[in-house]
Amino acid sequence: MTQAFKPVSVAIGDLVAHPANVRAKSPETYACENIAHLRASIAVLGLLQPLLVQKIEGKFGVLAGGRRHAALLELVADKSAKAFTKNTKIDCRLVPDDCDVTTALSLAENITQEPMNAIDEFEAFARMMEVDGQTPETIAKTFGTTIAAVKGRLRYGLIHPDIRNAARTKSITLDTMKAFADHPSQEVQKEVFDALTKEDSYLQGYTVRQALKSRGVQVSDDIGAFVREEYEARGGPIAADLLEEHSVLEDAELVETILLEKLTAAAEDARAQMGFAWAEAVVRYDHAAMADYGRVYPGPIEPDEAGQKRLDVISEELEKLQLDMEDESLEEAAYDALYDKVDALEAEARDLQEAYSAEDLARSGVIASWSNGQVTLHVGLVRPEDRQEAAGKVPGSASKDDKPDSDEIVYPASLQADLKTERAMALGAAMAIHPKATLDLTLFKLVCDVVGVGMSVTHAIKVDARKEYRTHAKMDEIDGTSLEQMAGVYGALNLSWNDEAISPAERFARFRELKPTEKAKLVAYATASTTQSCFARDRQRDSLMHDFEIEIMPNIRAHWTPNKALFNRFKKAWLLKILGEDLGLAQEAVTLASSSKKEIVAFCDKLFAEPFATLTDAQRAAVAAWCPPMMQTAGVACDEAEPATETPESAGEVAQAA
């Protein structure tokens, strides 16, 4: 039978601990730091839930509500809390003296007070701000916590309702939901959520964060901090977050434009100061792409009279500093300061005794890139066509001594960089749909890098579990075949083991239970995602990848098709040359010679999208195989009569993967 307890008002001074309280032997429960938020809440809102008490020797023993009792006693002791004294009466419920279930009552109250659901807590904080007009400061005071902690909860409570509902129904994990808070805009959150869930694939926090990166740069990011002042000066939109460091610079294109401008200015300053012939800027310095560049270094020179005098002074200063550094009583900071002076003086002395030759300056330059959160200058670089030791021309480029005709195809550096990206995407798709071969390659490289001696067997793939970030001037316009193939492979992966709600050990146990074919596909997809920007490999430089690419991608056209985005970047004369000489469409080239470039581009785009029925077999084969020379796998002619056909490892596997 349910027993009703009489409501009574009891002075705080008449309350004592009840021996039947199940927490009576856990004094840490009542420590100041453990009830700080409760004390703050009672101070602002009052006691929201009555205490359960029973008479004990003229006092009232607190059977349930010991933490509230402890918080009340602290408020009584706090002279600034004038509303609480020993005589202040509070609401209680009185348990009869003859009740024999006191311990059960105490235990029941404590174990039935289930912690608030995390999403409910986030939303409650958000409602306090949006509906009740509270501020993070007043909420923090009410709950006895920090303003930063409140803002953190508020950020999650302000995530788009549909995403919060997905977490509540466990369609996504709580950690995945939190990832959407990386962008303050609910509109952006919803767009990304819809895009990532339209294929009904498993959604992960990492995937969400990667997708949101394309929608802006956080001001706390090193690039965001670097460009923010100029970005704001140009009126770039900023999505404000409750926590300033999470605010987002929304115009990613403007961010990159400003970054490149700053890098270009830094490169130009270095060029002018040091006397180099040219200066360029790139967001990321691709060491593989720069493999064909040379480098010059300053050589010894005889300093002039003023320089020699300065060297003598530097020598004396260095001797004095060396003596000062031998003082064993020096503190570490003082020693470091002396060391920095020595380093600066030695650098100055080197500059007085070394210099680039006029010949080297005339053929070398400087490239500025963004690395490790700062501008990095790569000085003394020599372009492949300017290297004195170069035995011949670089494919697609012209020697400085040559004077190319206006219709000769010369691939600009910017176009070459973008074509490398497109080729890497195609190669990645080929690797992903050949999981067995790619698994062998990955494991071989891992083992060789660990147990081998000397240099790595190849630098063409990254197996450090970091997805390659690819940039492209017109990413939205390029052929999407390889992207679709990768998406198909991803959709067929078995990711049931990768549940962020369980521990890494449990995930590993599930992973080990996968079938070998499933593991191979996972490794192939991961390795394919690390493929760096590249052109066809040179057998002398990288025989491993040279042969591997021929095996899995004998014809890049199975993964990539030239389209309008490429043809728009060609000169009119180049397009006519390709049509007439490479594709055997001489008559069409003559007819189009009087047309505008726009019309020629449209013709080429349509031709490659679906070869015309009027083409001869030879012309059709040429169209099916054509690509810029450096794009195709080394050793396979782009204009061969019969283009190679890729044969996947097994029809069953490809059907599942794609």
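The values are calculated or read from the model by the stated rules, or taken from the named source; none is laboratory data. A quick note: this is a predicted structure, and the numbers were derived from the prediction, not measured. Here the Cβ is made from the backbone with ideal geometry for all residues, glycine too, and neighbour counts use every protein chain on show.
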**Study point:** Asp175, sole failed condition from (1) free of Cβ contacts under 8 Å to residues at least 40 places away in the same chain; (2) under 28 Å from Gly488 (Cα atoms); (3) of a type in the set (D, E, K, R)
**Key:** (1)
Review point. Counting only residues that are within 17 Å of the chain's Cα centre (by Cα) and free of Cβ contacts under 8 Å to residues at least 40 places away in the same chain, how many does region 181-196 have?
Key: 3
Practice item. Out of the residues in region 288-307 that are outside any loop (DSSP other than H, G, I, E, B) and touching a residue at least 12 places away in the same chain (Cβ under 8 Å), state the one that is surrounded by the most Cβ atoms within 10 Å (Cβ to Cβ). Key: Gly294
Check your understanding: Does region 155-178 include one or more residues that are under 29 Å from Lys474 (Cβ atoms) and either at pLDDT 85 or above or of a type in the set (Ser, Thr, Tyr) (or both)?
Key -> no
Review point. Which number in (1) within 40 Å of the chain's Cα centre (by Cα); (2) under 14 Å from Ala621 (Cα atoms) marks the one condition that Trp574 misses?
Key: (2)
Point to revise | Pairs with Cβ under 8 Å, 6+ apart, first in region 591-608 and surrounded by 20 or more Cβ atoms within 10 Å (Cβ to Cβ), second at pLDDT 95 or above and among the small types (Gly, Ala, Ser) | key: none
Check your understanding: Does region 422-432 include one or more residues that are modelled with pLDDT of 70 or more, in contact with a Lys or Arg (Cβ under 6 Å, 6 or more places away or on another chain) and under 30 Å from Met475 (Cβ atoms)?
Key -> no
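Scan region 582-617 residue by residue and report those that are acidic (Asp, Glu), under 27 Å from Ala424 (Cα atoms) and at pLDDT 90 or above.
Once the filter is applied, which keeps residues that are acidic (Asp, Glu), under 27 Å from Ala424 (Cα atoms) and at pLDDT 90 or above, region 582-617 yields Asp582, Asp605.
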Review point. Are any residues in region 236-260 in contact (Cβ under 8 Å) with a residue 24 or more places away in the chain and in a helix (DSSP H, G or I), and if so, which ones?
Key: Glu244, Glu245, His246, Ala252, Val255, Glu256, Ile258, Leu259
Exercise for review: Tell me, please, whether a residue that is farther than 25 Å from Asp538 by Cβ and at pLDDT 85 or above can be found in region 623-639.
Suggested key: yes
Exercise for review: State whether the residues of region 348-355 include one that is under 42 Å from the mean Cα position of the chain (by Cα), not in a helix (DSSP H, G or I) and not polar (S, T, N, Q).
Suggested key: yes
Revision key, fill the gap. Those residues of region 363-384 that are among the β-branched types (Val, Ile, Thr) and out of contact with any helix residue (DSSP H, G or I) (no Cβ under 7 Å at 6 or more places or on another chain) come to a total of 1
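Report yes if Glu332 is more than 30 Å from Asp286 (Cα to Cα), at pLDDT below 85, loosely packed, with under 10 Cβ neighbours inside 10 Å and not hydroxyl-bearing (Ser, Thr, Tyr), otherwise no.
Taking the combined requirement at face value, the residue satisfies it.
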Check your understanding: Would you pick out the residues in region 539-571 that are part of a helix (DSSP H, G or I) and either over 33 Å from the mean Cα position of the chain (by Cα) or more than 19 Å from Ala528 (Cα to Cα) (or both)?
Key -> Lys564, Ala565, Leu566, Phe567
Check your understanding: Does region 341-371 hold any residues that are under 30 Å from Val227 (Cα atoms) and without any contact (Cβ under 8 Å) to a residue 12 or more places away in the chain, and which are they?
Key -> Ala344
Practice item. Take region 197-208 and flag every residue that is crowded, with 16+ Cβ neighbours inside 10 Å and within 16 Å of the chain's Cα centre (by Cα). Key: Gln204, Gly205, Thr207, Val208
Practice item. Could you tell me whether any residue of region 271-283 is outside any helix (DSSP H, G or I), hydrophobic (A, V, I, L, M, F, W, C) and in contact with an Asp or Glu (Cβ under 6 Å, 6 or more places away or on another chain)? Key: yes
Exercise for review: Might you let me know whether region 483-492 holds any residue that is of a type outside the set (Val, Ile, Thr), without any contact (Cβ under 8 Å) to a residue 12 or more places away in the chain and assigned to a loop (DSSP other than H, G, I, E, B)?
Suggested key: no
Point to revise | Check on Ile556, exposed (fewer than 15 other Cβ atoms within 10 Å of the Cβ) and either modelled with pLDDT under 90 or of a type outside the set (Asp, Glu) (or both) | key: no
Practice item. Check region 442-462 and report whether any residue there is at pLDDT 75 or above, out of contact with any strand residue (DSSP E or B) (no Cβ under 6 Å at 6 or more places or on another chain) and either part of a helix (DSSP H, G or I) or not aliphatic (A, V, I, L, M) (or both). Key: yes
**Study point:** Qualifying residue in region 463-482 (condition: at pLDDT 80 or above, among the basic types (Lys, Arg) and either outside any helix (DSSP H, G or I) or under 26 Å from Cys627 (Cα atoms) (or both))
**Key:** no
